[in-house]
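**Student:** Let me give you the structure first, and then I'll get to my questions.
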Amino acid sequence: MSNLFKRTKTLATIGPATDSEEMIDQLIAAGLDNCRLNFSHGTYEKMDEFIGWIRKAADKYGRHVAIVQDLQGPKIRLGQIKDNYLDINEGDDIILDYALKEHDGGLTLPVQYNLAAKVKVGDPVYIFDGKIRTHVQEILSDTAIRLTAENKGFVNSNKGLNLPDTDFGGDIFPEKDIRDLDWGVSRDFDYVALSFIQKAEDICTFRRMLDERGSQAKIIAKIETKNAVMNDEHLEEIVKAADAIMVARGDMGYEVGAEIVPIIQRKLIRMCREHAKVCIVATQTMSTMVDNPMPTRAEVSDVANAVIQGADVVMTSEETAMGKYPLETIKEICNVINYVQDHAEITPIPQDPQSGTPDYDAIAEAAAKIAAHVEADAIICQTASGRTARAMSAQRPALPIYSVTPNERVANQLSLFYGNRAYVREFSPEFGFDLAKELVENGTLTPRSGRKHVEVVIVSGDRDVAGTDTIRLRRISI
């Protein structure tokens with residue numbers, strides 16, 4: 001059962017490959033911590049089915065699993081291609097026309113966004129995840145542009161386009177996202193992921209949209225555009241405005257260049273740790289497992305490096321949404337995380353974590369030092385809002401953090417936090433210590449070798465005084 005407590009968490013995209021109650025049950029039993037529903041695909045009816053299966057499996061295994069609603073954002077896509085296939089040759093002139101309703105098989109293609117209103121001559125346009133590289137040659141009309149293909153390849157219906165040098169002027173809330181958000185609010189998602197973030201103001205605008213709808217979901221900012229990573233100060237403002245960051249390495253690679261992505265990943269993990277924000281490393285973590293039952297050594301190293309850098313979460317996309325081996329993928333990632341966390345230290349950061357609440361930070365830092373000094377078996381966080389657990393997680397202690405809260409939503413949201421496993425219990429002054437005794441009794445919490453007692457550090461506060469102000473060291477005899 002060691003996979004059930006990994007300090008670095010897993011987040012899997014649910015899709016056709018995992019479209020059954022049995023498979024989702026097996027994934028969560030194998031160590032999957034959180035689930036992502038990609039609203040670029042699927043119907044509301046199917047999403048409802050996924051939500052039901054996830055919640056049922058979580059209850060079955062006594063777990064709290066965050067469900068992430070990932071909005072499509074202004075992802076620019078081709079329309080329907082005749083016979084769903086078209087060959088492209090180097091030097092071909094391709095016309096993208098927003099007004100075209102039906103493709104006739106030629107090189108004039110429908111597109112789901114009016115690029116003529118945004119692009120400039122010379123702008124690069126990468127089609128189908130960069131498989132076809134082009135530049136804008138001419139603005140033909142109010143709805144059409146002409147491109148020239150720079151390599152041979154093919155396209156299918158609805159494939160995405162990346163335009164790294166085109167300024168879309170903050171146009172990141174398409175009508176589809178608004179509809180999906182309104183539906184999602186009625187389903188009470190734990191997190192909402194916002195695509196193609198350009199600047200911190202985008203997150204502030206989106207937070208107001210959530211507040212207006214009465215949603216308590218946390219915001220994940222997906223970092224994938226050139227504008228978002230243009231300079232460190234700009235990037236850090238985005239980190240500070242969001243609740244969590246997703247290093248969306250796929251689109252980012254086409255936007256800024258693949259060679260830059262590892263450096264941006266390290267910066268984002270460091271910034272998130274410094275500001276006590278969740279950091280999710282996403283895209284192609286084990287992409288060869290879409291078709292193969294084993295990962296490559298390079299993919300294992302990629303996941304291991306994310307763990308060593310201190311990421312909160314490693315995420316799968318196609319591997320679990322479309323691949324042949326979704327269960328094997330989760331098992332492999334869990335194996336890597338468990339081995340690395342037991343054999344390597346987390347990379348230190350230049351400054352102490354600052355969660356925005358200095359008193360919480362001070363208490364958490366002191367608790368982590370006490371736990372290390374006395375060789376505690378676990379840290380227990382009593383938390384109502386999750387802020388105590390957030391500050392404690394940011395310290396990256398090398399032992400489990402068990403959080404206890406009276407709030408089901410908070411417990412779900414904490415499942416993305418590094419090192420954290422949450423429990424819902426009715427509030428009492430001693431419900432942290434009561435949880436520790438319960439975990440000892442059921443065998444979840446065991447003493448270090450040679451000891452006949454379990455040692456826990458409990459971080460708490462007076463419920464009548466907003467804040468965390470107490471650290472207690474407690475022993476439980478076996």
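The values are calculated or read from the model by the stated rules, or taken from the named source; none is laboratory data. Because the structure is predicted, anything quoted here is derived from the model rather than measured. When we count neighbours, we look across all protein chains shown, and the Cβ atoms used for this are built from the backbone with ideal geometry, even at glycine.
**Student:** Looking at D33, is it outside the structural domain of Y254 (by TED's automatic domain parsing) and touching a strand residue (DSSP E or B) at 6+ places or on another chain (Cβ under 7 Å)?
**Tutor:** no
**Student:** Mind telling me which of the residues V404, V424, V374 ends up being of a type outside the set (F, W, Y), more than 24 Å from Q309 (Cα to Cα), touching a residue at least 24 places away in the same chain (Cβ under 8 Å) and surrounded by 19 or more Cβ atoms within 10 Å (Cβ to Cβ)?
**Tutor:** Answer to the check: V404.
**Student:** Now a separate question. Need the failing condition index for R249 against (1) within 11 Å of T283 (Cβ to Cβ); (2) touching a Lys or Arg at 6+ places or on another chain (Cβ under 8 Å); (3) of a type in the set (D, E, K, R), just the number.
**Tutor:** The one condition R249 does not meet is (2).
**Student:** Restricting attention to segment 174-222, which residues are more than 21 Å from C35 (Cα to Cα) and in contact (Cβ under 8 Å) with a residue 60 or more places away in the chain?
**Tutor:** Within segment 174-222, P174, K176 meet the criteria.
**Student:** Please go through segment 388-415 and give me each residue that is within 17 Å of I220 (Cα to Cα) and either in a loop (DSSP other than H, G, I, E, B) or among the charged types (D, E, K, R) (or both), ordered by number.
**Tutor:** Residues satisfying the conditions are R390, R409, S415.
**Student:** Test V125 against the stated conditions and say whether it is buried (at least 19 other Cβ atoms within 10 Å of the Cβ), touching a Ser or Thr at 6+ places or on another chain (Cβ under 7 Å) and in a loop (DSSP other than H, G, I, E, B).
**Tutor:** No, not satisfied.
**Student:** Could you list, in sequence order, all residues of segment 103-117 that are touching a helix residue (DSSP H, G or I) at 6+ places or on another chain (Cβ under 8 Å) and either closer than 17 Å to I76 by Cβ or not in a loop (DSSP other than H, G, I, E, B) (or both)?
**Tutor:** H103
Each row is one residue, and each column tells you yes or no for (1) buried (at least 19 other Cβ atoms within 10 Å of the Cβ); (2) not polar (S, T, N, Q); (3) not assigned by TED's automatic domain parsing to the domain that holds H373.
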residue	(1), (2), (3)
V410	yes, yes, no
N420	yes, no, no
S428	no, no, no
A436	yes, yes, no
L445	yes, yes, no
G450	no, yes, no
V454	yes, yes, no
V459	yes, yes, no
T468	yes, no, no
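**Student:** Across segment 201-231, what is the total count of residues that are modelled with pLDDT under 95 and closer than 18 Å to C279 by Cβ?
**Tutor:** 4
**Student:** Can you confirm whether segment 187-200 contains a residue that is surrounded by fewer than 21 Cβ atoms within 10 Å (Cβ to Cβ), within 25 Å of E45 (Cα to Cα), assigned by TED's automatic domain parsing to the domain that holds V307 and of a type in the set (F, W, Y)?
**Tutor:** Taking every residue of segment 187-200 in turn, none turns out to be surrounded by fewer than 21 Cβ atoms within 10 Å (Cβ to Cβ), within 25 Å of E45 (Cα to Cα), assigned by TED's automatic domain parsing to the domain that holds V307 and of a type in the set (F, W, Y).
**Student:** Moving to a separate point now. Go through G62, G91 for me and flag whichever is out of contact with any Gly (no Cβ under 9 Å at 6 or more places or on another chain) and assigned by TED's automatic domain parsing to the domain that holds A221.
**Tutor:** Matching residue, one of G62, G91: G62.
**Student:** Then there is this: Please go through segment 264-321 and give me each residue that is of a type in the set (V, I, T) and closer than 17 Å to Y339 by Cα, ordered by number.
**Tutor:** Of everything in segment 264-321, those that are of a type in the set (V, I, T) and closer than 17 Å to Y339 by Cα turn out to be T285, T296, V300, V303, V307, I308, V313, V314.
**Student:** From K267, K277, which residue is surrounded by fewer than 19 Cβ atoms within 10 Å (Cβ to Cβ), closer than 30 Å to S385 by Cβ and assigned by TED's automatic domain parsing to the domain that holds T205?
**Tutor:** Of the residues listed, the single one that is surrounded by fewer than 19 Cβ atoms within 10 Å (Cβ to Cβ), closer than 30 Å to S385 by Cβ and assigned by TED's automatic domain parsing to the domain that holds T205 is K267.
**Student:** Somewhere in segment 245-256, is a residue touching a strand residue (DSSP E or B) at 6+ places or on another chain (Cβ under 8 Å), more than 18 Å from A221 (Cβ to Cβ) and in contact (Cβ under 8 Å) with a residue 40 or more places away in the chain?
**Tutor:** yes
**Student:** Moving on to the next point. Sort out which residues of segment 223-244 are without any contact (Cβ under 8 Å) to a residue 12 or more places away in the chain and closer than 18 Å to I172 by Cα, and write them in order of number.
**Tutor:** Correct list: M230 only.
**Student:** Search segment 436-468 for residues being part of a loop (DSSP other than H, G, I, E, B) and closer than 24 Å to S385 by Cβ, and hand back the single one that is modelled with the highest pLDDT.
**Tutor:** Top of the filtered list is T468.
**Student:** For K120, which of the numbered conditions (1) free of Cβ contacts under 8 Å to residues at least 60 places away in the same chain; (2) in a strand (DSSP E or B); (3) surrounded by fewer than 16 Cβ atoms within 10 Å (Cβ to Cβ) fails to hold?
**Tutor:** Status for K120: all satisfied but (2).
**Student:** What about L416, is it under 27 Å from V300 (Cα atoms), modelled with pLDDT of 95 or more and in the same structural domain as D188 (by TED's automatic domain parsing)?
**Tutor:** no
**Student:** Moving on to the next point. Quickly run through segment 90-118 and pick out the residues that are of a type in the set (A, V, I, L, M) and over 30 Å from the mean Cα position of the chain (by Cα).
**Tutor:** Hits for segment 90-118 are I94, I95, L96, A99, L100, L107, L109, A116, A117.
**Student:** I'm trying to understand the selection: among the residues of segment 167-195, which are touching a helix residue (DSSP H, G or I) at 6+ places or on another chain (Cβ under 8 Å) and modelled with pLDDT under 90?
**Tutor:** G170, I172, F173, D188
**Student:** To continue, here is another question. Any idea which of I67, I76, I94 is in contact with a Cys (Cβ under 6 Å, 6 or more places away or on another chain), of a type outside the set (D, E, K, R) and buried (at least 20 other Cβ atoms within 10 Å of the Cβ)?
**Tutor:** Of I67, I76, I94, the one residue that is in contact with a Cys (Cβ under 6 Å, 6 or more places away or on another chain), of a type outside the set (D, E, K, R) and buried (at least 20 other Cβ atoms within 10 Å of the Cβ) is I67.
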